[in-house]
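Some notes on the structure that comes next.
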Amino acid sequence: MWGRVFCVFFFILVLGSLPAMAQTITINATPAGVHPGDTINLNGSVSGIHTIAVYLFLTGPGLDPRGVTLENLNIPAGHGLFTTAPVNVNDGSWQYTWDTSVILGNLPPGDYTLYVETAPFDRERLGSEGYATATVTILPPENAPTPVPLSPGMAILALGITVTASSCIIRRVKNK
């Protein structure tokens, strides 16, 4: 009996004396300044916890303050809706390529914060550890569409074609 108690006590003592591994997570975003339609490479590492995936979300101008998924800026993060990236179980590294040309929603110019975390929480429920952030700046489009001025001659020609076509249609309707 006393042998079992001693073994349990010894086991608790040994476990209590082991140093606790701190959970760390990192994120890198390159390039840090992009135009809409560009690709952003996200990568980082996780240590102190065994996980098979990390969860990513975005906050910024005009977006839900809780954060949104990277694929659809209209869907708030949380409640099972996240962008995920697989974690390499051998070394804890992860990577995700974010192609901003294939997202749903509007990504106006401004500074955005990318979050990576080890548990599926939105920004309002983040703990003090287990997440990291990176800032990305969305720049104005490189080639903003420029309006093509219409020459006065083209406007008169278009008006003439419209009047001629209308008169032909009216004549056909009257002759029937």
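The values are calculated or read from the model by the stated rules, or taken from the named source; none is laboratory data. Keep in mind the model is a prediction, meaning the values are calculated, not measured. Backbone-built Cβ (ideal geometry, glycine too); neighbour counts: all protein chains shown.
Couple of notes before you dig in:
- Residues satisfying the stated conditions in the stretch 51-110, i.e. touching a strand residue (DSSP E or B) at 6+ places or on another chain (Cβ under 9 Å), part of a loop (DSSP other than H, G, I, E, B) and of a type in the set (Val, Ile, Thr): Thr51, Ile52, Thr69, Ile75, Ile103
- Selection of the stretch 1-42 for residues being at pLDDT below 60 and under 26 Å from Asn88 (Cβ atoms) yields Leu18, Pro19, Ala20.
Residue-wise test of (1) among the charged types (D, E, K, R); (2) surrounded by 20 or more Cβ atoms within 10 Å (Cβ to Cβ); (3) at pLDDT below 90.
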{"site": "Gly44", "(1), (2), (3)": "no, yes, no"}
{"site": "Leu58", "(1), (2), (3)": "no, yes, no"}
{"site": "Glu71", "(1), (2), (3)": "yes, no, no"}
{"site": "Thr97", "(1), (2), (3)": "no, no, no"}
